[in-house]
Amino acid sequence: MRPWYKNLDWISILLWATLVGIGLVAIYSATHGPAREFLLESVQQNFNRQLQWFGISAAVLVTILLFPARVLVKLAPVAYIFCLGLLGAALVFGREVNGAKSWLYIGPVGLQVAEIAKVGTVLAVTALLARKEARRGSIPHLIGAIVLIVIPAVLVVMQNDTGTGLVFLSLIPVMLFWSGAVPLPWMALAGAAAASVYLVIVNPAFAAIFVVAAAIGMVVWTRSKGMGFLMLVGVGLIATASWFGLFKVLEPHQIDRLVAFDDPEAYRFGAGFHVIQAKAAIGSGGFFGKGFTNGTQTQLAYIPENSTDFIFCVIGEEFGFLGTMGLLLVFAFLLIRLGSLGVQAGFALPRLFIAGATGIFLVHILINVGMTVGLMPVIGIPLPFISYGGSALLANTALLAIALNLHAKRDAFAVYS
């Protein structure tokens, strides 16, 4: 048997270091360039703090890689309960930051507990779905997995952090699909439901047309009128509920923030202003960019949160098309590499955890980049390994480290096969 360290995927570690390095360069520009004079003193320290969190995250990466893989799995229930405790404590004792009561402070150090909770949730769901009964389609196990995801998602939404709550919910189709227990047509139903919610935000009429077309497509694909009926009624009800929640439940300013991405000019003096500025910043970078710390939109404070949620604008304006495409290529290499490791793992447990971690990274990338270019609502999702945020960097590094650990020591999971 090969020693585990010879199975370790050093390419993924190199890609992680590359992404963190790109993030540090962008954060430095956003906090030490001309924009510095417009920033609060606390924000000016973002680069120094991120550098410290990089050191902490690197230490966590090494520690997790040295940990026995089977012990990590056995700790899954404890980790999950601990994460729920953190989420509950944030609701009671947490500090509100940017409208979300999701931060716990230990002295001067703040933790965004929803980020940490992702790790415990993926680990717990993986341990459950890796059981033979779950992979054979046991309904109680599948429902249990969904409940394990929904509980932290609800607690996060109660903290007024809807964007992160959606990331949790995205784990449901990802992990159920990779468990092999849910047939592909049912996964198509989940995908259609998500698409219908998006189209409701863009244009309710488009959503109605989509639901009908999806129902017809399901009948043609599966040769089952029952599945077509389920698509029409089930997805139709979800779209209707989304429309009701969007236009009858949310406050006007919340609605504006969600729909402004589709027509920012109509909200240019309100919720659409930042979307317009973000697109202008990325577009003004051209092919080669304006140069390090030389962006105009990002350095003159037209872009909010330009070291966190909108850091992609800094890269786009200062390093141009080459910079953004280079960054996206590094992300693509990492995601493809993780997918390849999941296939190589062979056994269910490492494969499922790698799928969950990859799903979280992918959802974050799609939403963050999408909201900066006007394809997604602005819901405050950071760009993994790039955006400023110690909790996010630590949590994402832990997800990657556990994935690499389980892959490198995959032979330990033959008992789960």
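The values are calculated or read from the model by the stated rules, or taken from the named source; none is laboratory data. The shown structure was predicted, so the numbers you read here are calculated from the model rather than taken from an experiment. Using ideal geometry, Cβ is built from the backbone for each residue, glycine included, and neighbour counts are taken over all protein chains shown. SASA here: full protein model, heavy atoms, side chains in, ligands and nucleic acids out. Shrake-Rupley method; radii C 1.70, N 1.55, O 1.52, S 1.80 Å.
A few points about this structure:
- Estimated from helical segments only, the mean residue ellipticity of the chain at 222 nm is -22500 deg cm²/dmol, where each DSSP H run of four or more residues counts as -39500 (n - 2.57).
- Averaging Cα coordinates gives a centre for segment 215-250 and one for segment 25-85; these two points are 40 Å apart.
- Tensor-based shape of segment 176-261 (alpha-carbon gyration tensor, a/c under 1.5 rounded, otherwise prolate or oblate): prolate
- Protection-proxy order for peptides 80-88, 351-359, 63-71, 166-174, each taking the mean of Cβ atoms within 10 Å per residue, highest first: 351-359, 166-174, 80-88, 63-71
- Overall form of segment 364-417: prolate. Here a/c, set by the Cα gyration tensor axes a ≥ b ≥ c, is 1.5 or more, and a/b is the larger of a/b and b/c.
- Protection proxy ranking, highest mean first, for peptides 52-62, 382-392: 382-392, 52-62, where packing is the per-residue count of other beta-carbon atoms within 10 Å, averaged.
- Comparing Gly316, Gly285, Gly99 in a Gaussian network model of the chain where C-alpha atoms under 10 Å apart are linked, the largest mean-square fluctuation is found at Gly99.
- Simple label model, 7 Å out from Cα along Cβ direction - Leu51 to Arg268, nm: 4.1
- Measuring nothing but how far apart in sequence close Cα pairs (under 8 Å, 6+ apart) lie, relative to its length, segment 111-260 scores a relative contact order of 16 percent.
- For the options Ala398, Ala26, Ala266, a Gaussian network treatment of the chain with springs between C-alpha atoms closer than 10 Å singles out Ala266 as fluctuating the most.
- Interchain or long-range residues, amide H under 5 Å from Val378's placed H: Phe261
- Among Lys101, Lys132, Lys279, residue whose mean-square fluctuation peaks in a GNM of the chain (springs only between Cα atoms under 10 Å): Lys132
- Rounded to the nearest 20 debye, dipole of segment 46-143 from Cβ charges on Lys, Arg, Asp, Glu: 360
- Global form of segment 294-353, assessed from the alpha-carbon gyration tensor, a/c cut-off 1.5: oblate
- Accessible area of segment 119-275 belonging to carbon and sulfur atoms, whole % at 1.4 Å probe: 71
- Each of Phe361, Phe319, Phe333 has its accessible area taken with a 1.4 Å probe; listed largest first, they run Phe333, Phe319, Phe361.
- Computed from point charges on the beta carbon alone (+1 for Lys and Arg, -1 for Asp and Glu), the dipole magnitude for segment 1-86 about its Cα centre is near 460 Debye.
- When all protein chains stay in place and ligands, DNA and RNA are ignored, the 1.4 Å accessible-area order of Trp221, Trp243, Trp16, largest first, is Trp221, Trp243, Trp16.
- On the beta carbon distance between His32 and Thr296, with R0 = 22 Å, the FRET formula returns roughly 0.85.
- Relative contact order (%) - segment 176-239, alpha-carbon pairs under 8 angstrom, separation at least six: 33
- Rolling a 1.4 Å probe across all protein chains gives His32 an accessible area of roughly 60 Å².
- Taking all protein chains as they are arranged and a probe of 1.4 Å, the heavy atoms of Met158 leave approximately 120 Å² accessible to solvent.
- Considered as an equivalent ellipsoid built on the Cα gyration tensor, the chain has semi-axes of 33, 29, 20 Å, the largest given first.
- Under 27 Å from the Cα of Lys118 - lysines, other chains or at least 8 residues apart: Lys74, Lys101, Lys132, Lys409
- Take every Cα pair under 8 Å whose residues are at least 6 apart in sequence, average their separation, divide by the length of the chain, and the relative contact order is 25 percent.
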